[in-house]
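Notes follow once the structure below has been shown.
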Amino acid sequence: MSYNPPYYARLAESCGFTKEKDLFAFLIDRDSQLPDWMDSLAERIARKKSIQIRLFRSNDEDAEFARIREVYNDSWSDNWGFVPLSPEEMRDIQKSVKTFADPDLAFFIYYEDEPAAVCVIFPDVNPLLKRLNGRIGLLGLLKVLLYRREITGLRCLLFGIKGKYRQLGIPMLAFHHIVEVARKKDQYNSLEMGWTLEDNEAANTIAVEAGARPYKRYRIFRKSL
């Protein structure tokens, strides 16, 4: 995720650009607790035979990424600025992320026999990337071994629910599962979620109710030509 100093906004505005859309990122700390009502609801949903959580299958990688693309293109289709992912774009993403992905942190939620939702979380490798300074090589590999412990955060890159399954309480079940999995991995202290559109009230509200706090705001500018 890009970062710019605060004066960039004033600089853009002085050049005739105006706000188009704000987007939020949320942070949830390791010691955060889901509210009791959300825990109870998630456990009740999990007991339904028609709904199940399934972890990413590394031994069926191509098919799994195809399912991610399927859910993404359905769940995000009505969002502002949406552009569907092509099979070629999905393959490029697959190649670029599999070296540092943790299969335990990616999962589908199925309704009966169909993937209804997907959540993809990655270790936040940015501290390690800064150490590499754009160079891999043998020295870079050594740095990976030496400084891997500096990866203490997680990044929720994608969470989407197909439109026809949005009344099943899936977000509560997903948050419950994420918290349980994250707590089993001692090296991680926080989870960043986002970005979300400022007018996506459903996503923003459920994130706050789950214990996340807004901590970054991104702005997209526009200018008529």
task = May I ask you to order 82-93, 206-217 by the average number of other C-beta atoms within 10 Å around their residues, highest value first?
result = 206-217, 82-93
task = Name the residue farthest towards the positive end of the dipole of segment 87-205 from the options L191, H177, F100, assuming +1 on Cβ of Lys and Arg, -1 on Cβ of Asp and Glu, about the Cα centre.
result = F100
ask   = How big, in percent, is the set of alpha carbon pairs in the chain lying more than 28 Å apart?
value = 37
query = Among the helices of the chain (complete DSSP H runs), which have Cα atoms covering no less than 18 Å along the helix axis and a Kyte-Doolittle mean of at least 0.5?
reply = 170-184
key: Ratio of Rg to Rh over segment 148-225 (Cα coordinates, Kirkwood Rh, two decimals)   = 1.04
key: Residue (of Y165, I109, P123) at the positive-pole extreme of segment 65-217, dipole from beta-carbon charges   = P123
task = Pop out the carbon and sulfur fraction of the accessible area of segment 1-138 as a percent, whole number, probe 1.4 Å.
result = 52
note = Which residues qualify? For R155, with a placed amide H closer than 5 Å and at least 5 residues away or on another chain, they are F122, D124, E192
ask   = Which net charge results for the neighbourhood of C156, defined as the other residues with beta-carbon distances under 11 angstrom from its beta-carbon, given Lys and Arg at +1 and Asp and Glu at -1?
value = -1
Residues with amide H under 5 Å from that of K216, placed H, sequence gap 5 or more = A25
remark   = If every Lys and Arg gets +1 and every Asp and Glu gets -1 at its Cβ, then about the Cα centre the chain yields a dipole, in debye to the nearest 20, of 720
note = The number of Lys pairs in segment 141-222 whose alpha carbons lie under 30 Å apart, excluding pairs fewer than 8 residues apart on one chain, is 8
query = Around D62, with a cut-off of 14 angstrom between Cβ atoms, what is the net charge of the other residues, counting Lys and Arg +1 and Asp and Glu -1?
reply = 0
ask   = Where nothing but the Cβ of Lys and Arg (+1) and of Asp and Glu (-1) is charged, how large is the charge dipole of segment 145-215 around its Cα centre, in debye to the nearest 20?
value = 380
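The values are calculated or read from the model by the stated rules, or taken from the named source; none is laboratory data. These figures come from a predicted structure and were not determined experimentally. Here Cβ is always computed from backbone atoms with ideal geometry, including for glycine, and neighbour counts include all displayed protein chains. The accessibility values were calculated without ligands, DNA or RNA, using every heavy atom of the protein model including side chains. Shrake-Rupley method; radii C 1.70, N 1.55, O 1.52, S 1.80 Å.
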